[in-house]
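Encoded as structure tokens, the structure appears first; notes follow it.
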Amino acid sequence: MKLQASAVKQLALSHGIPVAQPMSLRLNGKYPEEAAAARGQLLASGAQAMIVAAYGLILPQWVLDLPPLGCLNIHASLLPRWRGAA
């Protein structure tokens, strides 16, 4: 019952891939300072595309519009065909 990093995060970190997990990305939400800091990080990265994996929150429109080549949400599912994310 201890908090631990997901398998996705562990793999990314073991390969030197930066991982960001802000509490919120809503600039007018409950954590506006953290969202603004995350926005600054994303802008500074100069990323052309974004891949989102194992993120449990809905991305605001400003995030989706940020990278010129768009965002890709990957979500694997072990559920049977026609159920859950595919």
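Some observations on this one:
- Amide hydrogen neighbours beyond the local backbone of VAL52, cut-off 5 Å, H modeled: LEU72, ASN73, ILE74
- Matching label, Cα extents along the principal axes in Å computed from the structure shown, candidates (1) 49, 24, 21; (2) 39, 34, 29; (3) 38, 31, 29: (3)
- For the chain, the share of accessible area belonging to carbon and sulfur comes to 61 percent (1.4 Å probe, ligands and nucleic acids excluded).
- The chain, relative contact order [Cα under 8 Å, separation at least 6], %: 19 percent
- Per-residue ³J(HN,Hα) for the stretch 42-51, Karplus 6.51 cos²θ - 1.76 cosθ + 1.60, θ = phi - 60°, Hz, x for Gly and Pro: 5, 5, 5, 5, x, 4, 8, 8, 10, 10
- The helix-only estimate of mean residue ellipticity at 222 nm for the chain, built from DSSP H runs of length n ≥ 4 each weighted as -39500 (n - 2.57), is -9000 deg cm²/dmol after division by the residue total.
The values are calculated or read from the model by the stated rules, or taken from the named source; none is laboratory data. Since this is a predicted model, take the numbers as computed values, not measurements. The area values use the complete protein model at the heavy-atom level, side chains included, leaving out ligands, DNA and RNA. Shrake-Rupley method; radii C 1.70, N 1.55, O 1.52, S 1.80 Å.
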